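Input: a single structure, listed below in structure tokens.
Read the figures in this text as sums done on the coordinates, not as results from a lab. None of the values given here were measured: they were computed from a predicted structure. Counting neighbours? That spans all protein chains shown, and the Cβs are built from the backbone with ideal geometry, glycine included.
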Amino acid sequence: MAWHDPARAPRRRRLRLRPAVLRARVRLQFGGTGARRKERAQSSRPGVSQAGRADRTAVRVNPPPLSLYVHLPWCVRKCPYCDFNSHSARDGGAPTARYVDALLVDIEREARHANGREIETIFLGGGTPTLFAPGDIGRLLDGVAGRLSFAPDIEITMEANPGTVECGSPAAYRATGVNRLSIGAQSFDDASLRRLGRIHGSADIRSTVEASVQGGFETFNLDLMYGLPQQTVAMAVADLRAAVDLAAPHISWYQLTLEPNTVFHARPPAGLPDDEAAWAIQVAGAQVLADAGYTSYEVSAWARGAHRCRHNLNYWRFGDYLAVGAGAHGKRTEGEAVLRYRKPANPLAYMQAMEAAEEAVAARVLDEADLVFEFMLNASRLTEGFSEDLFTRRTGLAASVLAAAGAPALEGGLIERREGDAWHPTALGRRFLDDLQASFLP
């Protein structure tokens, strides 16, 4: 495989990952109650799949840790940059009670795949989960607890947008069992927020954080973006300093990307920083966060002390997660097989399927080449790197498969092997993460 010099062709890296983002990787089509997979071409690196068949090893004495993702798909209005499965709530509002009923049916089915494992983490994503009243969230979590076993120290995160917390106070959500908020601030600059189509202002962010702390949340995340229209280094740094001043225990800081099927992709906003300007912002911002006592443990995640997001760490370490809700994607390990699956994306179709007791799941088993790629799609994001032992335990493949697949990235200086069985992205690999991940494409 010929390797191009990433420095000559800089690429913006995608820094945000949820299960929903994987839809492009899960090549499935719904048809009746079953699913069919599109045929894939033979691997451009036959050695990966061939070696995988030869070096397959049954090592899963213990299955991976298990999380739960719940998708709540409605927003007040869809942001022009958002490519997640979100839908604007109409004048009548979102049918939250009916949707929770559907989720409980879905959870009943998913529970059979826990195989005795406790749920380590739950993530309520969207959409805007705070459009659901605390009573809805409480009924949902009570239903989950009645069907699945919770780890004693379970982490339960809910996304919250500052402009929608009037649906319920942070204290009321805390009383339901939610113990971590992820607040979609995006910027503290009001002009930038307007350009992003956000419905809140900087004052709303500050009041939401204050109410969250007073409401009993000992940990929370602030979501911030950089590379915004007309944004300078000074503006991006000011956003981070504002988050630091609020003593946010965790900050997610990722670059705005123009994704297909979004308004911004069809009509790009004026004044977007070029790649070099975005890199200058990233360098300056990383220094601000490090100086303030934050540690980068993933390409877009910064935490103080023990406030890392355990749910996302399970994704990045290629753990398992059950998924419920419209458009939700999950991953399960069953014996020697690893499955990806998804639910219908349209909320109405999803609710109707649950009400009709239809098995509305599209699924496929990952082959050896896909296992290598999807493991690296996640693990390459970790600042601390990963071990060959983790690769083998999560994929069921021998370390020699990883070595063969990783040869181009090793030669290109994007990743390195250290003492023992450790693999670490290099500084170059972290900067050009897209190139590092693409080198493992089957």
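Structural remarks
- With neighbour counts taken as other beta-carbon atoms within 10 Å, the residues L272, L382, L228 rank, fewest first, as L272, L382, L228.
- Answer label, with percent of Cα pairs over 38 Å apart calculated from the coordinates and candidates [x] 34; [y] 20; [z] 14: [y]
- Low-density loop positions, trypsin sites (Lys or Arg not before Pro), region 399-442 - DSSP coil, at most 13 other Cβ in 10 Å: R418
- Longest site-free stretch - the chain; sites: GluC sites (Glu not before Pro), DSSP loop, at most 14 other Cβ within 10 Å: 219-335
- Global form of region 102-182, assessed from the alpha-carbon gyration tensor, a/c cut-off 1.5: prolate
- For region 66-314, a Kirkwood hydrodynamic radius built from all Cα pairs, placed in the Stokes-Einstein relation at 10 °C and 1.306 mPa s, yields a translational diffusion coefficient of 84 µm²/s.
- Taking every alpha-carbon pair within region 96-138, the share separated by more than 11 Å comes to 74 percent.
- Highest mobility in the GNM of the chain, judged by mean-square fluctuation with C-alpha springs under 10 Å and restricted to F318, F432, F264, is found for F264.
- 5 angstrom amide H check on Q186, placed H, neighbours 5+ away: D223, L224, M225
- Residue-count net charge about V288 - beta-carbon cut-off 13 Å; Lys, Arg +1, Asp, Glu -1: -2
- Cα centroid separation, region 355-412 to region 93-158 (Å): 27 Å
- Taking other Cβ atoms within 10 Å as a rough exposure proxy, C309, C79 sort from fewest to most as C79, C309.
- Restricting the trypsin sites (Lys or Arg not before Pro) of region 68-120 to loop positions (DSSP other than H, G, I, E, B) with no more than 11 neighbouring Cβ atoms within 10 Å leaves R90.
- Local electrostatic count at A238 - Lys and Arg +1, Asp and Glu -1, tallied over other residues with Cβ under 11 Å: -2
- Ranked D370, D223, D291, criterion: other C-beta atoms within 10 Å, fewest first: D291, D223, D370
- Mean Cβ neighbour count within 10 Å, used as a protection proxy, ranking 186-194, 68-76 highest first: 68-76, 186-194
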